[in-house]
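None of the figures in this text is laboratory data; all of them are computed from the coordinates on show. Only a predicted model underlies this, so the values are computations on that prediction, with no experimental measurement involved. Every residue, glycine among them, receives a Cβ derived from its backbone with ideal geometry; neighbour counts consider all protein chains shown.
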Amino acid sequence: MRAFACAFFVLGLLRHSAKADSTINSLREAAVRWDGELPCTNWDCECAFKHQRGCCCGAPDLVAVEDQIFIRMMDLSKRLTQLGDSALRVTGEKVAFTASMSPSVHCFGPFTRNKPIPYDSISLNHGRGYNPALGVFTAPCSGLYSFSVSIYSKLSRAGDRMYHKVQLMKNGEVIASTWEDNRDDSEDSASQTVLLSLQRGGQVYVELLNSRQLCGTIKGLNTFSGVLIYPTSE
């Protein structure tokens, strides 16, 4: 073993000399022929002579340390998330919004596909979860939310067909809806209120079904609002 250690010491001294290549080759051949006891069972001759470090006994230890660090970092991340959720429950996250459709003399629709209703007149948007450009609320934190939607439509002439259907959507799935399809009424209104459990990043919006329309939109009668009742853990 002493001779084997000396060979590596000589290799280090001659690494930058002009005869280093021939010396390395000689040492490689000597190492391959070595039949004595090795310091560990994971010896990689080619690795040792090409890279020197990270071979033999040290490599498994380094891999084990890396695994331990990764596990501890993941645990720390989980604990930080739990701490943040606990802080939200103690301090209270303020999330609430109310928006309505701007007054218009034109009907909204009909369209060839379902379309989110643009509640673009915002009176409240705590937590900045509601996006008026998209008409979509995105939950800034996990929790139990309450959402309300009010629908109003008025036809300009008696006998025209009242034909609309509006759906409250959660992550692309229908949660609640309201509709009208008759020629008896020239004016109609409805409302829905639901409680929804959302994960952070979950989305809620209101859409008008394709080929249908809302007319005579008057300020404050077509509204969409929501509020965080209490936060929950992820």
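Net charge within 15 Å of ILE71 by Cβ-Cβ distance, Lys/Arg positive one each and Asp/Glu negative one each, not counting ILE71 itself?
Net charge around ILE71: 0.
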Seminar exercise, completed: With ARG113 itself left out, Lys, Arg at +1 and Asp, Glu at -1 over residues whose Cβ is under 12 Å from its Cβ give +1
Problem set entry | Placed amide H near VAL136: partners under 5 Å, 5+ positions off or other chain | ASN131
Exercise. Local charge sum around SER104 (other residues, Cβ-Cβ under 14 Å, Lys/Arg +1, Asp/Glu -1)?
Worked result: +1
Exercise. Between LYS78 and GLN199, what is the label-to-label distance in nm when each label sits 7 Å out along the Cα-to-Cβ direction?
Worked result: 1.6 nm
For this session: Scan around VAL95 for amide H atoms under 5 Å from its own, H built in the peptide plane at 1.01 Å from N, and keep only partners 5 or more places away or cross-chain.
Result: LEU228
